[in-house]
Amino acid sequence: MDNRWCTACGAAFLPRAQAPHQSYCAEPACQRERRRLWQKAKRRSDPDYLENQIQAQRAWVERNPGYWATYREKNPGYAAKNRADQRGRNAKRRISKIAKMDVSSTAPVLDAGIYELRPLDRETFAKMGVWTVQLTVLSASSA
Ligand SMILES: [Zn+2]
């Protein structure tokens, strides 16, 4: 039998005869990681599985009201980390949304050239009038 290296921890292990393609060692942390990645992939590829998980989680929360509020009270470090992580996820989502808007934008491409720049409101227009500006395109998203 040949030794393998665990995908999670990198340690050498001997695969079980019943699982010739085993790529994670038997350590509980590595098995949790394997299970976590499997579930993540399954939730992405199987909408029924995802919906079932959501329903099961909702049902559990209904059976255990106040569990998370109590948990957050008892584990302030967890709550603070979770808030920080969520802020990060929200920021990432905003950036991703902006990137998607750029890609799907059907706005006409602005060519480099000479343009007139004039403010829309009268007050600023009175102060600065019309400017003649030269625009140079440094980069443009491909539409
Ligand atoms: Zn391992």
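Summary of computed values
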read-out: Long-range neighbours under 9 Å by Cβ, at least six apart or interchain, first residue touching a residue at least 60 places away in the same chain (Cβ under 8 Å) within the range 20-36, second open to solvent by 80 Å² or more (accessible area, probe 1.4 Å) and near the ligand (Cβ under 7 Å from one of its atoms); value: none
read-out: The lone exception for P15 - which of (1) within 16 Å of the ligand (Cβ to nearest atom); (2) under 21 Å from the mean Cα position of the chain (by Cα) it fails; value: (2)
read-out: The one condition in (1) open to solvent by less than 70 Å² (accessible area, probe 1.4 Å); (2) acidic (D, E); (3) more than 16 Å from the ligand (Cβ to nearest atom) that E51 fails to fulfil; value: (1)
read-out: Yes/no for L110 being among the aliphatic types (A, V, I, L, M), part of a helix (DSSP H, G or I) and more than 16 Å from the ligand (Cβ to nearest atom); value: no
read-out: Selected residue (criterion: most open to solvent (accessible area, probe 1.4 Å)) from residues of the range 20-47 that are within 14 Å of the ligand (Cβ to nearest atom) and more than 29 Å from Q57 (Cβ to Cβ); value: Q22
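The values are calculated or read from the model by the stated rules, or taken from the named source; none is laboratory data. Every value quoted in this text rests on a predicted model; they were computed, and no experiment measured them. Positions of Cβ are generated from backbone atoms using ideal geometry, with glycine treated the same way; all protein chains shown enter the neighbour counts. Accessible surface areas use protein heavy atoms only, side chains included; no ligands, DNA or RNA. Shrake-Rupley method; radii C 1.70, N 1.55, O 1.52, S 1.80 Å.
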